[in-house]
Amino acid sequence: PHGKALIKPADQLQLTEAELKEEITRILTANNPHAPQNIVRYSFKERSYKPTAAVDQLAVHFVLEGGLVYQESDESCRLRAKEGLPDGCGEEDRPDSVASKTNKKEPKLTNQFNFSERASQTLNNPLRERSCQTEPPPRSVFSATANQWEIYDAYVEELQKQERNKEKQKAALSRKDRGKSEKMTVPMESQNDDITRVAKAAKIFERMVNQNTFDDIAQDFKYFEDASDEFRDQEGTLLPLWKFQYEKAKRLSVTALCWNQKYQDLFAAGMGSYDFSKQGRGMLVFYSLKNCAFPEYIYNTNSGVLCLDIHEQHSYMVAVGFYDGCVAVYSLKKEGREPVFKSSAKNGQHTDPVWQVRWQNDDMDNNHNFYSVSSDGRIVSWTLIKNELVFTDIIRLPLNGYVSDLHSRCPSSTACGTSFDFHKQIDYLFLVGTEEGKIHKCSKTYSGQFLETYRAHSMAVDAVRWNHFHPKVFISCSSDWTIKIWDHTISTPVFIFYLNAAVGDVTWSPYSSTVFAAVTTDGTVHVFDLNINKYEAICQQPVVAKKKTKLTHVEFNPIYPIIIVGDDRGNVTSLKLSPNLRKKPKAKKGQELPEGPEVEVAKMEKLLSLLREREQSKV
């Protein structure tokens, strides 16, 4: 029988079943391995040789150039005549050939009414080159040799100029009385001082560089609105913006913050220490939102700054209180780093730290004046008359509740004042917080007795603030972990909030009567809106990088939706409020939303009336 048999070659490999089943993939590409990869071509646009990214991968193996011509063309007639071919093709034309189609004249399907064949061609405008040439700036070649005696002569000439300037200053002082000279004299600078000549231009240039460096923060400050607030159920967030820090103030605490009411991008920060065992130097610095890298003004002080206040109308005047009991007034207009007014032991200086200062309206003689409160129990009015501070003791805080004689010097009978605030509408009314936790309602015109005393906290009252809109409401905070909101006609608080940490500062917002913010020593910022939630904060956000950092103060910007917070490491952080933290009530269909202070007063009054109804129902 015949059959087919497979014969294996002698050199065939012996593979196992697994090796036979294994799939081996080979990928074929159309890339030419011999194609060059480093081709460069001359670019007439850039006037240089540029490498070509696209490489031709096509390899041509066979090329045959054909020569087809149309039968009806003149060239075909010449070829036929040259080769001796007949005019026809010698075969019957196929029905689909060109000749058969040319004999049949197909009628043109054209519009028989107004058809006309037209053709046009537009001209391409020729490219033109434009070029201009400017005259080069004038140049001059300068060369000199600096020898040791030439350097010496230059220093001697500079010293002689400084001596002449000092003599001119002394001559000016001798001509005019001392009071006018202090206001009019300006320290004369040498003509060769190049830094002062370009100081303004350098300042503008520095701001431009910083705004370019932190452009993303500036864009967030101006335009960013957190869209996720719609899904947070009325809770809000704080977006960190600029961080202000000064190298020489790192070991100091931020003890005071205040915005400038005229220039809303400028704020002042007081630097000192709350630790009585680590007292030393202090600092008053002014920052601008336009430049977070370096302060606009710097004033070094011998004692720690504990409080400050910027005058609302005269925004260049700043009242400052110090740890050593001194008060001073700085003027940003005056060159130099010394205060224009400063208290001393001769003119009623406090004997204990000054915890708060507040500017008041000018008196009958149009003299500027401010109030101060201190741990020595005195509330003092300071009036700026000519070139000195004139003090007047307004009230001395007693421990027993009855105001003591202003001329009494007995330290044991006085309480320690820690904070105060003046009523926004009623000029004579003000509140004073004490170290014992009490809040006294006082009057400028009647200093014989307190109008009311509130047993507010179990520890020192760190801050007390009147509401910007409602005339009856004020807020207080303390290191006993609580914030309390009061109606000054009632001796008990209307709201109490526990924040689980010592509260460093609290402040009302300038745009709503029900919104306020507080900072605690655990590094958290709390924002409340009583109109949305009467029981807890709508935003609780830690804003410090290190856990041991304590927040000390908080302030709302007068017009922008941002707050600034200071800590015990000398840093000031700015934060933007999300839309939920500054929400306004929605208007009903067909009705315009009412605006103005009356609306804010009505919001707070509605909350107070609800609380009064609850108390009456309990009774």
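Here are some notes:
- Nearest 10 degrees, 0 to 90: helix 199-213 Cα axis against the chain principal axis: 60 degrees
- Here the peptides 359-370, 274-285 are ranked by packing, the mean other Cβ count within 10 Å, and the order with the highest first is 274-285, 359-370.
- Subtracting the Cα-Cα distance of Ser116 and Asn500 from their residue separation scaled by 0.36 nm leaves 128.9 nm.
- Mean Cβ neighbour count within 10 Å, used as a protection proxy, ranking 488-498, 381-391 highest first: 381-391, 488-498
- If you sort Arg128, Arg47 by accessible surface, 1.4 Å probe, largest first, the order is Arg128, Arg47.
- Tilt relative to the chain, helix 597-618 - C-alpha long axis, 0 to 90 degrees, to 10: 70 degrees
- Model label zone, Ser447; criterion: amide N under 16 Å from point 7 Å along Cα-to-beta-carbon; scope the stretch 322-356: 347-351
- Put Arg41, Arg164, Arg455 in order of accessible area, highest first, and with a 1.4 Å probe you get Arg455, Arg41, Arg164.
- Flagged links, alpha-carbon separation over 20 Å, of Lys334/Lys386; Lys484/Lys603; Lys243/Lys548; Lys472/Lys603; Lys438/Lys547: Lys438/Lys547
- Computed over the stretch 282-404, the Cα gyration tensor eigenvalues convert (square root of 5λ each) into semi-axes of 26, 17, 13 Å, ordered from largest to smallest.
- Computed from backbone phi, the HN-Hα couplings of the stretch 127-141 come to 6, 10, 10, 10, 8, 9, 9, 9, 6, x, x, x, 10, 9, 9 Hz, rounded to whole numbers (Karplus: 6.51 cos²θ - 1.76 cosθ + 1.60, θ = phi - 60°; Gly and Pro given as x).
- Judged by the mean number of other Cβ atoms found within 10 Å, the most tightly packed of the peptides 231-237, 392-398, 5-11 leads the ranking 392-398, 231-237, 5-11.
- The HN-Hα couplings worked out from phi for the stretch 355-366 by the Karplus form 6.51 cos²θ - 1.76 cosθ + 1.60 (θ = phi - 60°) are 8, 7, 10, 8, 6, 10, 5, 4, 7, 5, 9, 6 Hz, whole numbers, x standing for Gly and Pro.
- At full extension, Asn366 and His314 could sit 17.4 nm farther apart than now, given 0.36 nm per residue minus the alpha carbon distance.
- Calculated SAXS-style log₁₀ I(q)/I(0) at q = 0.11, 0.12 Å⁻¹ - the chain, Debye, Cα scatterers: -1.16, -1.30
- Net charge, His457 excluded, C-beta distance under 13 Å - Lys, Arg +1, Asp, Glu -1: -1
- Listed values for the stretch 62-69 are Karplus-derived 3J(HN,Hα) couplings in whole Hz (6.51 cos²θ - 1.76 cosθ + 1.60, θ = phi - 60°), namely 8, 9, 10, 8, x, x, 8, 10, and x replaces Gly and Pro.
- Relative contact order [Cα under 8 Å, 6+ residues apart], the chain, whole percent: 9 percent
- Note on Ser374: accessible area approximately 0 square angstrom, rounded to 10, probe 1.4 Å, nucleic acids and ligands left out.
- The heavy atoms of Phe214 offer some 70 square angstrom of accessible surface to a 1.4 angstrom probe.
- Using alpha-carbon coordinates, inclination of helix 74-83 to the longest axis of the chain, degrees: 40 degrees
- Taking Cβ atoms as reference points and 13 Å as the exclusive limit, the residues near Glu605 contribute a net charge of 0, counting Lys and Arg as +1 and Asp and Glu as -1.
- Extents of the stretch 415-461, taken as max minus min of Cα coordinates on every principal axis and listed largest first, are 29, 22, 15 Å.
- Summed residue charge, Cβ within 14 Å of Ile483's Cβ, Lys/Arg positive, Asp/Glu negative: -2
- The stretch 245-276 and the stretch 525-582 have Cα centres spaced 16 Å apart.
- Mean ellipticity per residue at 222 nm, deg cm²/dmol - from DSSP H runs of n ≥ 4 across the chain, formula -39500 (n - 2.57): -5500 deg cm²/dmol
The values are calculated or read from the model by the stated rules, or taken from the named source; none is laboratory data. Model, not experiment: these values are computed from the prediction. Neighbour counts run over all protein chains shown; Cβ positions are idealised from the backbone, glycine included. Surface accessibility is based on the protein's heavy atoms, side chains included, excluding ligands, DNA and RNA. Shrake-Rupley method; radii C 1.70, N 1.55, O 1.52, S 1.80 Å.
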